[in-house]
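Below is one structure; the comments refer to it alone.
Rule-based calculations on the coordinates, nothing more; no lab input. Here the structure is a predicted model, which is why all the values come from computation and not from measurement. Neighbour counts run over all protein chains shown; Cβ positions are idealised from the backbone, glycine included.
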Amino acid sequence: MAADSGITGHSPEHSRLILVILLIAVSLNLLYPGEVFFQSRYLLVLVSLLACAIVLYREHKRGLSAVMLRHLALAFLPLAGMVPSLLWTANQDRSQEVFLLFFSYSCLLFSLWRCQMSSGALFASLSTLVVVAVAVEGQALYQHFAGLDALKTELMRRTTMDADFKSALLARVQSGRIFANFSLPNTLAGLVTMILPIQAGLLCASFFPSRLLKTSPGWITILTSRWARLALIAGIMLSIWVLALTQSFGGWVGLCCSLGTVLFVWLCRRGRRADWIVSAGLLLILAGAWLTWTSHKRGFRLWNLKAAENPITLRLIGYGTALNIFRDFPVTGVGLGNYGTLNPRYQTSPRLVTQFAHNTPLQLLSEGGVVL
């Protein structure tokens, strides 16, 4: 049964249906994210609940185990710390939305812990993520060549917008940084850096034996075909191109760190000094090329902390804002999802307003207080 379905212990038809709906929900949330407040989130919540309910029913019929209870506690107990900030919040609707999103994540986490996905289901899931990411990247390229000019024209027509905020938006548009359907270029860069390793892994699996396709001869035929390999190579080149166009310092840092981790694991297995030297040299060249390119496109060097959009300076301001909010609301915070709502009150300029602290522990501290 495990070879035919994504959720063991149930009929393949039901399991495949759940997997298909789940992939549709994830795809819609990537194509139309709208942060966490887009209508497609309800489909994600519904499918998460459905998958979790089926897994719990299976576990009930098989008999409860200590491992299952531990997974259940690890997945859902963190939600208990969010309840106080949900009840005492500056914006009840926003906090409910964020709590609902975290609840769906807990359902998915528990379901994945307790399920054994077949290699075919895993391959289908990874392929879906890659295809959706390529669609988002295609939209980003269109934005780069045509969409930014249209957005600039629209901004110039606005007469009621705050002058400082309008100038900040125009400066971002004129910089050529793309963000596709996300709110920030860094968010798009984050998606690309998460998908790139998947693309590279599938490409490696198409050339070398892999346990990913161990029990799925049909998928092996598809993946090892010439067209699939060409599509993966083109997708990797597209991802790198889009990542460069985001001009994201953080995105390239994440990519270099992930590549460094993979190289470290691989080199530890090989243990050859020459490989260490060559790999370290290539990684340094990549990091240096990224730093030079991004600094040239954005008009300042990373270590120039006085630059208007220096990511280090902006993040330090975001961190300080989170700590200031926590100082004013130390017990239960301002409520889940309300960091961006209260952020403008702590800034001296609209240019410094952000929706996120770019530091998850500090943002949760400001939104949930010491209770969370």
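The figures follow:
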quantity: Debye, to nearest 20: dipole size of the chain, +1 on Lys, Arg Cβ, -1 on Asp, Glu Cβ; calculated: 860 debye
quantity: Whole-angstrom Cα spans of the stretch 219-366 along principal axes, big to small; calculated: 57, 39, 32
quantity: Point-charge dipole on Cβ atoms (K/R +1, D/E -1) for the stretch 160-236, about Cα centre, debye to 20; calculated: 380 debye
quantity: Residues whose placed amide H lies under 5 Å from that of Leu372, excluding near-sequence neighbours; calculated: none
quantity: Axial C-alpha extent at least 20 Å, average Kyte-Doolittle at least -1.0 - helices from the chain (DSSP); calculated: 12-31, 41-62, 66-80, 92-114, 119-142, 185-207, 226-246, 249-270, 273-298, 311-328
quantity: Shape parameters for the stretch 56-149, alpha-carbon atoms, Rg then Dmax in Å; calculated: 19.5, 61
quantity: P(r) weight above 39 Å for the chain, C-alpha pairs, percent; calculated: 25 percent
quantity: Surrounding net charge for Ser349, when Lys and Arg each add one and Asp and Glu each subtract one, Cβ distance under 14 Å; calculated: 0
quantity: Value of [θ]222 nm, deg cm²/dmol, for the chain, DSSP H segments ≥ 4, -39500 (n - 2.57) each, nearest 500; calculated: -23500 deg cm²/dmol
quantity: Among 189-195, 288-294, the order from most to least packed when residues are scored by Cβ within 10 Å on average; calculated: 189-195, 288-294
quantity: Dipole of the chain, positive direction: furthest Cα of Tyr57, Trp241, Phe329, with charges on the beta-carbon; calculated: Trp241
quantity: Cα-based shape type of the stretch 115-239, given that a ≥ b ≥ c are square roots of the gyration tensor eigenvalues and the cut on a/c is 1.5; calculated: prolate
quantity: Value of relative contact order over the stretch 100-196, rounded to a whole percent, pairs C-alpha under 8 Å and six or more apart; calculated: 32 percent
quantity: Those Cys residues of the chain for which no other cysteine Cβ falls under 4.7 Å; calculated: Cys115, Cys204, Cys256, Cys257, Cys268
quantity: Most to least packed among 97-103, 217-223 [average Cβ atoms within 10 Å]; calculated: 97-103, 217-223
quantity: The stretch 238-322 shape via C-alpha gyration tensor axes, a/c threshold 1.5; calculated: prolate
quantity: Convex hull of Cα atoms in the stretch 100-188, direction-averaged projection (nm²); calculated: 8.3 nm²
quantity: Contour excess over end-to-end distance, with Cα ends at Lys306 and Asn91 and 0.36 nm allotted per residue; calculated: 74.0 nm
quantity: Point-charge dipole on Cβ atoms (K/R +1, D/E -1) for the stretch 112-264, about Cα centre, debye to 20; calculated: 300 debye
quantity: Charge dipole of the chain about the Cα centre (unit charges at C-beta), most positive-ward option of Trp88, Val130, Leu302; calculated: Leu302
quantity: Which of Met156, Ile178, Ala66, positive extreme of dipole for the stretch 59-217 (C-beta unit charges); calculated: Ala66
quantity: Rounded FRET efficiency, nearest 0.05, which uses the C-beta distance separating Phe208 from Ile24 and R0 of 35 Å; calculated: 0.65
quantity: Label point at Val353 placed 7 Å out along Cα→Cβ; residues across the stretch 321-343 whose backbone nitrogen lies under 14 Å; calculated: 339-343
quantity: Against the rule of thumb 2.2 N^0.38 Å, how large the Cα Rg of the stretch 274-337 comes out; calculated: 1.75
